[in-house]
Amino acid sequence: MGQLCSRGSFGVVALAAVMSLSACGDDDAPQPAHTYAIPTPGPTSSTPVTSGPSATPTPGPVPAAARADSEAGAKAFVRFYFDRLNMAVRYPEGAWLQGLATANCRFCRSNDDVQADLRRRHLHVRADVFSVPGIEPLPFSTRVDRAFQITVIEKGAVIVNAQGNVTKREPDDGEWAEILVTRRAGAWLVDDFREIKPS
């Protein structure tokens with residue numbers, strides 16, 4: 001199993017806008033159940049359910065391109081993980097991140113916590129937050145452990161409650177980071193993640 005040179009706290013930094021929800025109003029008061037409009041589905045991110053007006057998208061399988069046992073497959077999986085992270089904060093009732101990370105990934109556990117907190121507070125993010133426009137392999141990668149330097153763009157999160165009212169807005173941001181994905185049982189999993197601090 002591989003590991004990046006040092007672990008940082010990027011998972012907390014990247015999702016600080018969402019994790020700071022506890023400061024926004026009386027979040028423990030009872031809230032009505034969520035209803036969502038069905039988004040235009042992307043080619044790999046979800047399988048929509050269209051059984052009624054309150055239907056929500058549900059996670060589909062990992063696409064073949066993101067399962068391929070190659071550098072290109074590992075890159076596709078990294079982008080797929082961030083697509084799923086967007087869905088997790090937009091539609092926190094779904095199991096968007098399940099089975100996509102090892103138990104070692106603290107970044108991934110923090111993302112699970114964010115999703116659970118949104119779900120408990122009946123809040124969600126209005127639109128996609130994360131994109132990964134840049135991804136380059138790192139020289140210490142192996143066939144089993146693929147490490148990449150990535151650019152993560154964070155479009156300012158707009159957090160809304162069950163009534164559609166905005167409770168918080170965050171500014172745009174961007175980070176450099178390193179991510180490690182590992183090959184297990186024919187699939188890629190996120191195993192480690194750290195922010196690259198400015199020197």
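In table form, for the structure just shown:
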item: Filter result for T142 (surrounded by fewer than 17 Cβ atoms within 10 Å (Cβ to Cβ), within 21 Å of A65 (Cα to Cα) and of a type in the set (S, T, N, Q)); result: yes
item: Number of the exception - F82 against (1) on the phi < 0 side of the Ramachandran plot; (2) modelled with pLDDT under 55; result: (2)
item: Hits in region 145-170 - residues which are in contact with a Gly (Cβ under 7 Å, 6 or more places away or on another chain) and surrounded by fewer than 19 Cβ atoms within 10 Å (Cβ to Cβ); result: D145, T151, I153, T167, R169, E170
item: Which numbered condition F140 misses (of (1) modelled with pLDDT under 95; (2) in contact with a Pro (Cβ under 7 Å, 6 or more places away or on another chain)); result: (2)
item: Within region 118-139, tally of residues that are more than 18 Å from F77 (Cβ to Cβ) and of a type in the set (A, V, I, L, M, F, W, C); result: 5
item: Selection within region 59-82 - of a type in the set (A, V, I, L, M, F, W, C), touching a residue at least 24 places away in the same chain (Cβ under 8 Å) and assigned to a helix (DSSP H, G or I); result: A66, A74, F77, V78, F80, F82
item: Qualifying residue in region 117-131 (condition: under 25 Å from S70 (Cβ atoms) and touching a residue at least 12 places away in the same chain (Cβ under 8 Å)); result: yes
item: Any strands (runs of 3 or more DSSP E) falling wholly within region 106-198 and containing at least 1 residues that are in contact with an Asp or Glu (Cβ under 7 Å, 6 or more places away or on another chain) and of a type in the set (A, V, I, L, M); result: 145-154, 173-184
item: Some residue of region 83-105 being assigned to a helix (DSSP H, G or I), surrounded by fewer than 16 Cβ atoms within 10 Å (Cβ to Cβ) and not small (G, A, S); result: no
item: Enumeration of residues in region 160-199 that are touching a residue at least 60 places away in the same chain (Cβ under 8 Å), under 23 Å from A103 (Cα atoms), out of contact with any Phe, Trp or Tyr (no Cβ under 6 Å at 6 or more places or on another chain) and small (G, A, S); result: G186, A187
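The values are calculated or read from the model by the stated rules, or taken from the named source; none is laboratory data. Note that this is a predicted model, so its numbers are computed, not measured. So basically every Cβ, Gly included, is an ideal-geometry build from the backbone, and we count neighbours across all protein chains shown.
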